[in-house]
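Encoded as structure tokens, the structure appears first; notes follow it.
The values are calculated or read from the model by the stated rules, or taken from the named source; none is laboratory data. Predicted, not measured: the structure shown is a model, and the values here were computed from it. Neighbour counts run over all protein chains shown; Cβ positions are idealised from the backbone, glycine included. Keep in mind that these areas ignore ligands, DNA and RNA; they rest on the heavy atoms of the full protein, side chains included. Shrake-Rupley method; radii C 1.70, N 1.55, O 1.52, S 1.80 Å.
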Amino acid sequence: MLDKYRTVRRQANAEIVIKKSRFIGHAKPVETEEEALVFIQEIKQLHKQATHNCSAYIVGERDQFQKASDDGEPSGTAGKPILEVIKHKGLKNVAVVVTRYFGGIMLGAGGLVRAYTDGAVAGIEAADEIVNVLHREVIVDVDYTWYGKLENELHGKGTRVGGTDFTDRVTVRCLPEVHEADAFIAWITDMTGGQAVITEGGNVYYIEGE
């Protein structure tokens, strides 16, 4: 799993009009190539009366799944520009469809490239670009005498906390960034004089800055 990557927050769309043609940019975060293909088909079904539904996606830690479709537009004027927008923005795990309703005025190859580029940008902006950061769940179990200090120290370090359970002891679900997890565990161990019971959980992505 990547320590961090850029993607979009949600599925969204935005429309622009260029020489009477409507271009609707749709973007969605996806985890697999299958999800990307399903999304593209959903948009095609939703806009089956459209002149074209051109698309592109990039999926995978190493961007290993990539595909672009001109959907009937002249070769290289639609799918590739959409894909280039995704690459230029450094996005991963995202699918984009730009729907066109022809307005009667020919745009030419250069005009099509610009239109599909702008449509892709509009859709991605509507979907809200974010950075996902990988965190490690570190479950810290301490006696109540340590809780006040632990809470203050975690707040001071700005460590994300996923929840706290109060039983006969206090259990705090800490979420340091994955690359800081080992140092975090060593710090907790040192701070509590080895009295904390520490259990490592799985990895999970959270949005940077939230």
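Rank these residues by their accessible area, most exposed first, probe 1.4 Å: 204, 8, 17.
Solvent-accessible surface, decreasing: 17, 204, 8.
Here the calculated FRET efficiency for residue 141 and residue 179, from their Cβ-Cβ distance with R0 = 25 Å, stands at 0.60, rounded to the nearest 0.05. Relative to the longest principal axis of the Cα atoms of the chain, the long axis of helix 108-127 makes an angle of roughly 30 degrees.
Computed with a 1.4 Å probe on the full set of protein chains, the accessible area for residue 10 sits at about 110 Å². For residue 139, the solvent-accessible surface with a 1.4 Å probe is about 50 Å², rounded to the nearest 10.
Quick one: ranking 32, 77 by accessible area, 1.4 Å probe, largest first, what do you get?
32, 77
In vacuo Debye scattering of the range 118-210, one point per C-alpha: log10 I(q)/I(0) at q = 0.18, 0.21 Å⁻¹? One equal scatterer on each Cα of the range 118-210 leads to -0.78, -1.00. Axis of helix 33-46 versus longest Cα principal axis of the chain: the two differ by about 50°, to the nearest ten degrees.
Which entries in 4/67; 28/89; 19/44 show an alpha-carbon gap greater than 20 Å?
Working: 4/67 23 Å; 28/89 15 Å; 19/44 23 Å.
Where the Cα-Cα span goes over 20 Å, the pairs concerned are 4/67; 19/44.
Quick one: net charge of residue 117's neighbours, Cβ under 11 Å, K/R +1, D/E -1?
Details: positive: 80, 114; negative: 84, 118.
Net charge in that neighbourhood comes out at 0.
Could you name the lysines whose alpha carbon sits less than 26 Å from that of residue 149, not counting residues in the same chain fewer than 8 places away? Partners found: 157.
Tell me, Kirkwood radius of the chain from alpha-carbon pair distances, in Å? That comes to 19.5 Å for the chain. Computed with a 1.4 Å probe on the full set of protein chains, the accessible area for residue 177 sits at about 60 Å².
Would you compute, from DSSP H runs of 4+ residues alone, the mean residue ellipticity of the chain at 222 nm, taking -39500 (n - 2.57) per run and dividing by the full residue count, rounded to the nearest 500? Numbers along the way, then the final one.
Values: 5 runs with 69 residues, N = 210.
Counting only the DSSP helices, I get -10500 deg cm²/dmol.
Contact order normalised by length for the chain, with contacts defined as Cα pairs under 8 Å and 6 or more residues apart; what percent is it? Mind showing how you got there, number by number?
On the way: 440 pairs, mean separation 51.5, N = 210.
Computed value for the chain: 25 percent relative contact order.
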